[in-house]
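Q: Below is a structure I'd like to ask you about.
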Amino acid sequence: MAEHFSYTYLIVIIPLISFLITGLFGGKMKPIVSGLIGTTGLFISFGLSLCTAYKYFFLYGKTDEIFQKIVATDYLWLRFSDTLHVNLGVLIDPISVMMLIVITTVSLMVHIYSIGYMKGETGFARFFAFLSLFSFSMLGLVVATNIFQMYIFWELVGVSSYLLIGYYYEKPSAVAASKKAFIVTRFADLGFLIGILLLSFTTGTFDFITLTENNAAITQGSGIAFMGLSTITWSLIFIFMGGAGKSAMFPLHIWLPDAMEGPTPVSALIHAATMVVAGVYLVARLFPVYAISAPVALEVVGYVGGFTSLFAAVIACTQIDIKRILAFSTMSQIGYMMLALGVSGYGAEEGLGYLASMFHLFTHAMFKALLFLGAGAVIHAVHSNNFTDMGNLKKYLPVTHWTFLIACLAIAGIPPFAGFFSKDEILVAAYQHNKLLFFVEYAVAGLTAFYMFRLYFSVFHGKETHYHHTPHEAPYVMTIPLMLLALASMTVGLIPFGEFVTSDGAELELHTHWSIAIASVAIAVVGIVTALVFYRKENNLPEKIAISFGGLFKAAYHKFYIDELYLFITKKIIFNNVSTPIAWFDRNVVDATMNGIAYVTNYTSEKIKGLQSGQIQHYAYIFVSGVFVLALIFLYLMKY
Amino acid sequence: MIENIPLSHIIVVSSIMFFIGIYGFITRKNLFTMLMSTELILNAAALNLVAFNKYLFPQNIQGHFFALFIIGIAAAEASVAIAIIIAIYRNFRNIDPEKINDMKY
């Protein structure tokens, strides 16, 4: 089977090549040329991904009605011993093919859009080089055949995210944001690495296929090891920590809102559609291990996801920076995906949550990228990030307005837009397994509709703001990706996802649960209507409500003081109680020992340097005297 | 004629030459006289070589050859040494070895 997919490594390699070309020679070519090279490379990857998806899902993927995991390329990259070796390869299975489609689609749209959005920026070629680097890393991550390859690309994704957030490196806030993102995710990756080491130590393999073989409950390391949990559970919790860092789950989410300092297309690509779902993908990739060997770890995933989605949704209701609202909305939606994985079991009907999570990942990528690109078009027109500076933009930006509205309806879960179908499946899965999480998600669905339409009405309706110059619609190169993504947001929900992506590869028929569907649409409509009343026309209702909520509103507006808490913990507690003593020990013990040795050597040499007078005649004198002494010794004392 | 002079006499002469050379090398404050002292040391050694060859192994000629080598090398060495001394003089306006200490710690 693998021979049908032998070309798939090209999907990953082509962006790398365009990165090398634009990165090395970008300064010498016209900016537009580097943009076209990046876009063309991505277009080829996109075409190959579509071809792969067709071949996998419709022609060769199934054996006995079950989708198989196919290793298309496997290359021994680093070999330490027979059991310990790191391979690089391409693994084709339903979720990796789905991710290939998601990444190449969104990345292609973002590339096209960026040609318009970044026009005239200094470092245009650099921007496209980094975009290609990111696409390469992300594609390498999703096709990883083993957990170590995934870790390598995971870090590459992190570094390209860092480079792109810090794209405007003259701006101190962008530099700070890029550092924050890198350090927070790097800290989480430490957990990931510990998890990898624990997991591969107990199971003796890095390989995903071996790890997730059907019904292969991992028996080694399943005994109680520490604090009532088995080694395997601990390792999976640590791996999830890495995923939580990348996917901005509470409490490692603090970098994502700040990451909005990057150019808007970057936010759309990395911080909405692709990189931030890497954590979800990681859990999904190891899902059989989670579900069979460590259900406790899976519960952790579910609760963290559920809490994050509620937490982020509440904050999103209070923010005024449109990109930050979208960032918190992303966190909230990723929380949904994590929660869906958390309430899922393995196989057949039990695996509904897994399916729903992947489905939501897919639809969310489309409409969230659209929302960000639309927000980018708005910012491009108004030159401000705050919606208090905007209003009644529907008159000036018709295309952006309609596409944005479609995306808002999709994320709010109004049928027949994409978000309805996937969110419905998540709610059903949650309802079947965990009532508490179901009610949390149900509330979040209402909040989502509310804050998205709060944003929509404030930007596109409401009072007519006085603009310095009349906002104008973005050029075609920016609006065409918007329209394509809007089309995707309307239609991808109709894909019969159960036929393609399920936890065990077998087909799962989806039933519409009318009671839950109606209830979820009802709460979405309530949210939209509330937003309509508050923000459609200018009035003082929002202020009144904000005042009546008082402390809660203020806390949410300040993101529940999590940043301040982090600063307090790091600056006051860690710096004072840990770092200062360590620094003292370093200066006064470690350094002092070294300095003492150096001082003694120096002092001694100062004292005895007179012997080395540098006078040739002294040396000759001493030499001759020595010869005399030796001669006398030989003559009189050593008579043989 | 030479048969009447015992070997010890020649050795005494060469020893005196040698120690004059050593003394001059250690005490003189002028690179040229130090160079001359080294010539004395070399000549003392050459004299010894010739004398021992003549008295102890008259049938061999290696000692004579070595003496010739020493003379030749001494000439070459003298020319190099004088060149160095001139270069030093150009740089320091001085050929007192005690005052040439710029490279000292």
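Every number in this text was worked out from the coordinates using simple rules, so none of it is lab data. Just so you know, these numbers come straight off a predicted model, no measurement behind them. Please note: Cβ atoms are built from the backbone with ideal geometry, for glycine as well, and neighbour counts cover all protein chains shown.
Q: Quick one: which of A:LYS537/A:LYS559; A:LYS180/A:LYS323; A:LYS119/A:LYS368; A:LYS119/A:LYS537; A:LYS55/A:LYS423; A:LYS463/A:LYS544 span more than 25 angstrom between C-alpha atoms?
A: Values: A:LYS537/A:LYS559 27 Å; A:LYS180/A:LYS323 18 Å; A:LYS119/A:LYS368 23 Å; A:LYS119/A:LYS537 35 Å; A:LYS55/A:LYS423 28 Å; A:LYS463/A:LYS544 18 Å.
Listed pairs above 25 Å: A:LYS537/A:LYS559; A:LYS119/A:LYS537; A:LYS55/A:LYS423.
Q: Going by amide H atoms built from the backbone, whose H comes under 5 Å of the H on A:HIS85, apart from near neighbours?
A: Long-range HN contacts for A:HIS85: A:PHE80.
Q: Taking the dipole about the Cα centre of chain A, with the C-beta of Lys and Arg at +1 and of Asp and Glu at -1, give me whichever of A:GLY462, A:ALA592, A:THR580 is farthest to the positive side.
A: Looking along the dipole axis, the top candidate is A:ALA592.
Q: Need the list of lysines near A:LYS609 for cross-linking: C-alpha distance under 25 angstrom, and skip anything on the same chain fewer than eight residues off.
A: Straight-distance partners of A:LYS609: B:LYS29, B:LYS99, B:LYS104.
Q: Using unit Cβ charges (K, R positive; D, E negative) and no other charged atoms, how large, in debye to the nearest 20, is the dipole of region A:426-569 about its Cα centre?
A: On the way: 8 positive and 11 negative charges, 138 e Å.
Here the size comes out at about 660 debye.
Q: Using a 10 Å cut-off on Cβ to Cβ distances, tally the other chain neighbours for every residue of A:608-615 and report the average as a whole number. All intermediate terms of the calculation are to be shown ahead of the outcome.
A: Working: counts 0, 2, 0, 0, 2, 3, 8, 6.
Mean shielding by partner chains, rounded to a whole number: 3.
Q: Same structure, new question: Reachable aspartates and glutamates from A:LYS30, Cα under 17 Å, same-chain residues fewer than 8 places away excluded?
A: Within the straight-line limit of under 17 Å, A:LYS30 reaches these aspartates and glutamates: A:GLU121.
Q: Which whole-number percentage describes the relative contact order of chain A, with Cα contacts under 8 Å and a sequence gap of 6 or more?
A: On the way: 1044 pairs, mean separation 76.0, N = 640.
Relative contact order of chain A: 12 percent.
Q: Using packing as a proxy for protection, rank A:180-188, A:623-631 so that the peptide with the highest average count of other Cβ atoms within 10 Å comes first. Show your work: numbers first, answer last.
A: Details: A:180-188: 20.3, A:623-631: 11.0.
Peptide ranking by packing, descending: A:180-188, A:623-631.
Q: Dipole size in debye (nearest 20) for chain A around its Cα centre, Lys and Arg Cβ +1, Asp and Glu Cβ -1?
A: Values: 34 positive and 35 negative charges, 405 e Å.
Value, rounded to 20: 1940 debye.
Q: While we're on this one: I'd like to know which of A:ALA522, A:VAL440, A:ALA556 lies farthest towards the positive end of the charge dipole of region A:439-583, counting +1 on Cβ of Lys and Arg and -1 on Cβ of Asp and Glu.
A: A:ALA556
Q: What does the helix-only formula give at 222 nm for chain A: each DSSP H stretch with n ≥ 4 adding -39500 (n - 2.57), the total divided by the residues, and the result rounded to the nearest 500 deg cm²/dmol? Could you put the intermediate results ahead of the total?
A: Values: 25 runs with 404 residues, N = 640.
After summing the helix terms and dividing by the residues of chain A, the value is -21000 deg cm²/dmol.
Q: Further question on the same structure: Rg and Dmax of the protein assembly as shown over Cα atoms: what are they, in angstrom?
A: Using the Cα atoms of the protein assembly as shown, the pair Rg, Dmax is 40.8, 142 Å.
Q: Quick one: pull the percentage of alpha-carbon pairs in region A:1-135 with a separation above 25 Å.
A: Values: 3433 of 9045 pairs.
Here the long-distance tail beyond 25 Å is 38 percent of all Cα pairs in region A:1-135.
Q: Specify which residue in the list A:TYR151, A:LEU211, A:VAL382 is farthest towards the positive end of the charge dipole of chain A, using unit charges on the beta carbon of Lys, Arg (+1) and Asp, Glu (-1), about the Cα centre.
A: Ranked along the dipole, the leading option is A:VAL382.
Q: To the nearest 10 degrees, how steeply does helix B:62-92 sit against the main Cα axis of chain B, on a 0 to 90 scale?
A: Approximately 10 degrees, to the nearest ten.
Q: Just flag the trypsin sites (Lys or Arg not before Pro) in region A:307-377 sitting in loop per DSSP whose Cβ has no more than 14 other Cβ atoms within 10 Å. Before the final figure, lay out each step's value.
A: On the way: sites: A:LYS323, A:ARG324, A:LYS368; in loops: none.
Here no trypsin sites (Lys or Arg not before Pro) fit, given the DSSP loop and packing criteria.
Q: While we're looking at this one, here's another question. Measure nothing fancy, just the Cα-based angle from helix A:418-433's long axis to the longest principal axis of chain A, in degrees from 0 to 90, nearest 10.
A: Around 80 degrees separate the two axes.
Q: Each residue of region A:23-35 in order: what ³J(HN,Hα) in whole Hz does its phi give by Karplus 6.51 cos²θ - 1.76 cosθ + 1.60, θ = phi - 60°, with x for Gly and Pro?
A: Taking θ as phi minus 60°, the curve returns x, 7, 10, x, x, 8, 9, 5, x, 5, 5, 5, x Hz for region A:23-35.
Q: Working from Cα positions, state the angle (0 to 90°, nearest 10) between the long axis of helix A:398-412 and the longest principal axis of chain A.
A: Compared with the principal axis, the helix lies near 90 degrees.
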